[in-house]
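Only one structure is covered here, and it is reproduced in the block below.
The values are calculated or read from the model by the stated rules, or taken from the named source; none is laboratory data. Quantities reported herein were computed from a predicted structural model and do not represent experimental measurements. Glycine also receives a Cβ, built like all others from the backbone with ideal geometry; neighbour counts cover every protein chain displayed.
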């Protein structure tokens, strides 16, 4: 196998020798060190043999000395194959450009793979990598992987570790996500639990502090539910006066029935687009992250237009995208006109948005009932939502005295 490969690279010639004494030709070839093999006797005065490309010229000269006629019967191998393209200058120019392109492109990053992330999106990591200098088309030898990785970690606190490894034209980015630290409560910060919404108390769970409301009480927004001021009573059966008060950080949960009201408006007339039929297209090619426009006008003469982009990216059979894409941007001109809004559709949209706002305000609470009222006035559609809920209404408010003490140097 190796011998065949060597012969194919250096080229072989099949010679046909005819004369009175062909064996003298073989003896002279052996004496001159001309390699030959695969000797085939056709007749007593005619034979064929195979020699190397370099030895074929010497063999033909020896044929004249031995009064034999030496004729090339066949030629094969790499030198003879390339000789066909000797006068095809475009082929050699294309080959040189191809080799140059391979040498140059192998120094640029063509693909970026992000591994190890679960909650942090790949798009966010790739965007920050692009800002710090790592993107498709980046010159690999000029990239400082450690510096880029440290800058990305500073910008994305959800990551605790990041490593960039270059494998030719491929950049592999390995990340580890940070473990969220538990919320630390400052026990030295005194304060009370107050109501964040008005309602009727249904349950009180005071962990620290002194509850100042009971089940069935009606409270207003901002009213104290669990006080951070704890009164210390004297021991039972003692004649001593009360021991005074201490300040603590009040903690606990207070549940209540609440009634919430949300309102939203929408005009019954809206401006809509009407396309005029005028269009302009701009074609561009993106190579290694650099965009080049090659067809179409650079400026748009329309006052109002929509831009529609369509991109064709070169993709390998395995699904890997290459840094070569053609993009077409179509600008469609339009005018605006006033049309009436369907009241039923507008009402349904407002009701959906109001319900979403209510669910966000209640959080983990329960929505008991909802009631919508609709009103049209002066071209406006107004939808009001009134809801009864059961929810936790307590929130911690620091003691102003504590905040002042913390602010003092």
- Under 8 Å by Cβ, and 6 or more places apart or on different chains, what pairs join a residue from the stretch 54-69 that is part of a helix (DSSP H, G or I) with one that is modelled with pLDDT under 85? 54/10
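Residue by residue, here is whether (1) in the same structural domain as residue 290 (by TED's automatic domain parsing); (2) in contact with a strand residue (DSSP E or B) (Cβ under 7 Å, 6 or more places away or on another chain); (3) modelled with pLDDT under 90 holds:
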{"residue": "313", "(1), (2), (3)": "yes, yes, yes"}
{"residue": "325", "(1), (2), (3)": "yes, yes, yes"}
{"residue": "333", "(1), (2), (3)": "yes, yes, no"}
{"residue": "347", "(1), (2), (3)": "no, yes, no"}
- Whichever residue in the stretch 2-20 is without any contact (Cβ under 8 Å) to a residue 60 or more places away in the chain and not in a helix (DSSP H, G or I) and, among such residues, is farthest from the chain's Cα centre (by Cα): 20
- Kindly check whether there is at least one residue in the stretch 110-129 that is in contact with a helix residue (DSSP H, G or I) (Cβ under 8 Å, 6 or more places away or on another chain), surrounded by fewer than 16 Cβ atoms within 10 Å (Cβ to Cβ) and part of a helix (DSSP H, G or I). no
- Query: Somewhere in the stretch 78-96, is a residue surrounded by 15 or more Cβ atoms within 10 Å (Cβ to Cβ) and either part of a helix (DSSP H, G or I) or not assigned by TED's automatic domain parsing to the domain that holds residue 320 (or both)?
  - Reply: yes
- Can you name the residue in the stretch 37-53 that is touching a helix residue (DSSP H, G or I) at 6+ places or on another chain (Cβ under 7 Å) and outside any strand (DSSP E or B) and is also farthest from residue 27 (Cα to Cα) among such residues? 53
- Message: Exactly one of these conditions fails for residue 315: (1) in contact (Cβ under 8 Å) with a residue 24 or more places away in the chain; (2) within 18 Å of the chain's Cα centre (by Cα). Give me its number.
- Response: (1)
- residue 182 passes all but one of (1) within 50 Å of the chain's Cα centre (by Cα); (2) under 30 Å from residue 262 (Cα atoms); (3) not in a strand (DSSP E or B); which number fails? (2)
- Query: Which residue pairs have Cβ atoms closer than 7 Å, lie 6 or more positions apart in sequence or on different chains, and pair a first residue in the stretch 353-374 that is in the same structural domain as residue 196 (by TED's automatic domain parsing) with a second residue that is crowded, with 16+ Cβ neighbours inside 10 Å and outside any strand (DSSP E or B)?
  - Reply: none
- Message: For the stretch 21-75, give me the residue count where each residue is farther than 21 Å from residue 6 by Cα and under 60 Å from the mean Cα position of the chain (by Cα).
- Response: 0
- Kindly check whether there is at least one residue in the stretch 99-108 that is surrounded by 15 or more Cβ atoms within 10 Å (Cβ to Cβ) and either within 30 Å of residue 165 (Cα to Cα) or assigned by TED's automatic domain parsing to the domain that holds residue 323 (or both). yes
- Message: So for the stretch 131-140 (the condition being more than 16 Å from the chain's Cα centre (by Cα), in a helix (DSSP H, G or I) and either closer than 26 Å to residue 162 by Cα or in the same structural domain as residue 154 (by TED's automatic domain parsing) (or both)), does at least one residue qualify?
- Response: yes
